[in-house]
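See below for the structure under consideration.
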Amino acid sequence: MFGSRSDRPAVYLDYNATAPLRPEALEAMTRALEAGGNPSSVHGPGRRARATVEDAREAVAALVNARPEQVIFTSGGTEADALALGGTGRARAVVSAVEHDAVLKAHPDTRLCPVDSDGVLDLEALAALLAEEPDPARVIVSVMLANNETGAVQPVKKAAKIAHDAGALIHCDAVQGPGRVGVDMHALRVDLLTLSAHKLGGPPGVGALIAADPLALAPVQRGGGQERGKRAGTENVPGIAGFGAVARVLAAAGREEAEAVRALQERLEAGIADIAPSAVIHGAGAAVRLPNTTCVGLPGVTNQSQLMALDLSGVAVSAGAACSSGKVAASHVLRAMGLSEATAREAVRISLGWASTAADVDAFLKAWRPLARRARPVATVDGGGAQRTS
């Protein structure tokens, strides 16, 4: 899946960190690399490069029911989040406590809105926080579409109404959504929406901020007039071409792909329940959960022990967001859901995707079974939507 080198995992189940590159994206990127050209140049190669960028812009816009002129290409989701929270000029950000660090650290003045035990935004708390603001019109709210660790889908449309009724703007980090759940910027009623290509099977190093009103956005990265003056720097034409190719694939077959992945998730969670009755699926009580994401806690067995054993068996999973890079720590998401630090340190995330198979799921279960034998029984549920699989 990632190549033929012997150090590559035989079973890759970490799609929420980065999905394997789709062949359609590779083909589009190769064509763009071979063609060359700077999209800001007026000669033939430049015009062809510009056409590649604009074709991709149309595809990405269509994926989320936006207009092409609302799409601002960036270097990825993190930059798009920074542009959303920094480019609006709002004095304060109110964000959910389970946001990715790209949002949590994007604004110098941030207040956290709590979530319930399944990791779902507390809408009453959001309304109360905005009511406490002396001038809500100087606030931007940020609520992710779906949590990258538990898969819990957030009530973004309801949060948008609360924000707009108070006079605030709202941003949604939707990087985990496309191809898994429907993403419609108009239906969500958000002002700004973040996407990232590599979460979808596109290349790393390219993302987009979709802005309902791009003219109201001030650039964070200055220097040139690219992206209609909203993001300086020569566009990553090959990356953008790959992004566009993936957007077209998902627009055509995303629903069918999500259904196939959902069936694999059900197979996975049924196997977990059979092997380890004391295991818990965190966030399982959320009204809607991504069809590809399972956050499982194994009482008495640390996530570090699980990751090492699985890796030695050729199975790649994670202990949370990949951007906490190189460290295995207690998840801030699980802690915000009410879990103790010790319990949060027992959870691993399995995330499936476009190339996952039943054989991958079975390989995980086979490798995880010896770890499950070490689990201790759980007499009570430890907060945080931790649900027995038995």
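The values are calculated or read from the model by the stated rules, or taken from the named source; none is laboratory data. Predicted model only: the values in this text are computed from it and were never measured. Cβ placement follows ideal geometry from the backbone for every residue including glycine, while neighbour counts extend to all protein chains displayed. In case anyone asks, the SASA skips ligands and DNA or RNA and just uses the protein heavy atoms, side chains included. Shrake-Rupley method; radii C 1.70, N 1.55, O 1.52, S 1.80 Å.
Quick one: pull the percent of accessible area on the stretch 183-339 belonging to carbon and sulfur, 1.4 Å probe, ligands and nucleic acids left out.
53
Pairs of alpha-carbon atoms within less than 8 angstrom and 6+ residues apart define the contacts here; what relative contact order does the stretch 206-296 have, in percent?
18
Quote the charge dipole size of the chain about the Cα centre in Debye, to the nearest 20; the model charges only the Cβ of Lys and Arg (+1) and of Asp and Glu (-1).
So the magnitude is around 480 debye.
Would you mind telling me which residue in S331, S340, S96 has the biggest mean-square fluctuation in a Gaussian network model of the chain, where springs connect alpha carbons within a distance under 10 angstrom?
The residue with the greatest mean-square fluctuation here is S340.
Could you state the angle between the C-alpha long axis of helix 44-63 and the longest principal axis of the C-alpha atoms of the chain, as a value from 0 to 90 degrees rounded to the nearest 10?
Helix 44-63 and the main axis of the chain meet at about 50 degrees.
Rounded to the nearest 10 degrees, what's the angle between the helix 156-166 long axis and the longest principal axis of the chain, both from Cα atoms, 0 to 90?
Between helix and principal axis, roughly 60 degrees.
Which whole-Hz couplings ³J(HN,Hα) result when phi for each residue of the stretch 115-123 is put into the Karplus expression 6.51 cos²θ - 1.76 cosθ + 1.60, θ = phi - 60°, listed in order with x for Gly and Pro?
10, 7, 5, 9, x, 9, 3, 7, 5
When the chain is treated as a GNM, springs tying every alpha-carbon pair under 10 Å, which of P291, P39, P134 comes out with the largest mean-square fluctuation?
Between P291, P39, P134, it is P134 that shows the largest mean-square fluctuation.
If each of R138 and A287 carries a label point 7 Å out from its Cα toward its Cβ, how far apart are those two points in nm?
Using points 7 Å along Cα→Cβ, the separation is 3.4 nm.
Which is the longest stretch in the chain that no exposed loop site breaks, taking sites as trypsin sites (Lys or Arg not before Pro) with a DSSP loop state and at most 15 other Cβ atoms within 10 Å?
106-221
Given a 10 angstrom Cα cut-off, can you work out which residue in E79, E132, E99 is the most mobile in a GNM of the chain?
For the chain, modelled as a Gaussian network with Cα springs under 10 Å, the answer is E132.
Roughly speaking, to the nearest percent, how much of the stretch 13-161's 1.4 Å accessible area is carbon and sulfur?
53
Report the calculated FRET efficiency for L312 and A253 (r = Cβ-Cβ distance, R0 = 35 Å), to the nearest 0.05.
That pair, L312 with A253, gives E of 0.50.
Which angle from 0 to 90°, rounded to the nearest 10, does the C-alpha axis of helix 358-372 make with the longest principal axis of the chain?
It works out to around 50 degrees.
Contour minus end-to-end for K157 and A187, with contour as 0.36 nm per residue of separation and end-to-end as the Cα-Cα distance?
Between K157 and A187, full extension yields 10.1 nm more.
D101 to L26: extension gain in nm, 0.36 nm per residue of separation minus the Cα-Cα distance?
24.1 nm
Name the residue farthest towards the positive end of the dipole of the chain from the options L264, A241, V288, assuming +1 on Cβ of Lys and Arg, -1 on Cβ of Asp and Glu, about the Cα centre.
Most positive-ward Cα: A241.
Which ³J(HN,Hα) values in Hz, rounded to whole numbers, follow from the phi angles of the stretch 71-79 under the Karplus curve 6.51 cos²θ - 1.76 cosθ + 1.60, where θ = phi - 60° and Gly and Pro get x?
So the J values, rounded to whole Hz, are 8, 10, 6, 10, 7, x, x, 4, 5.
Just subtract the alpha-carbon distance of R67 and T357 from 0.36 nm times their residue separation and send over the number in nm, one decimal.
Difference between extended and current length: 100.9 nm.
Apply 1/(1 + (r/R0)^6) to the Cβ-Cβ distance of S40 and L215, taking R0 = 25 Å, and write down the FRET efficiency to the nearest 0.05.
It comes out at approximately 0.75.
Would you work out if the stretch 1-119 is rounded, prolate or oblate? Take a ≥ b ≥ c from the square roots of the eigenvalues of the alpha-carbon gyration tensor; rounded if a/c is under 1.5, else prolate when a/b is larger than b/c, oblate otherwise.
Oblate.
Could you name the aspartates and glutamates in cross-link range of K158, using Cα to Cα under 16 Å and dropping any fewer than eight places away on the same chain?
D116, D122, E124, D173, D184, D191
Determine the percent antiparallel among the DSSP beta bridges restricted to the chain, to the nearest 5.
60
At 1.4 Å probe radius, can you tell me the per residue accessible area of the chain in Å²?
Value returned for the chain: 41 Å² of accessible area per residue.
Could you tell me the calculated FRET efficiency between A263 and R373, based on Cβ-Cβ distance and R0 = 25 angstrom, to the nearest 0.05?
Plugging the Cβ-Cβ distance into 1/(1 + (r/R0)^6) gives 0.35.
Which entry in (i) 30.1; (ii) 21.6; (iii) 18.4 matches mean projected area of the Cα convex hull in nm² derived from the coordinates of this structure?
Answer label, from the structure shown: (iii).
Report the label-to-label distance for A91 and T302 in nanometres (one decimal), using points 7 Å from each Cα along the Cα→Cβ vector.
My value for the distance between the label points is 4.5 nm.
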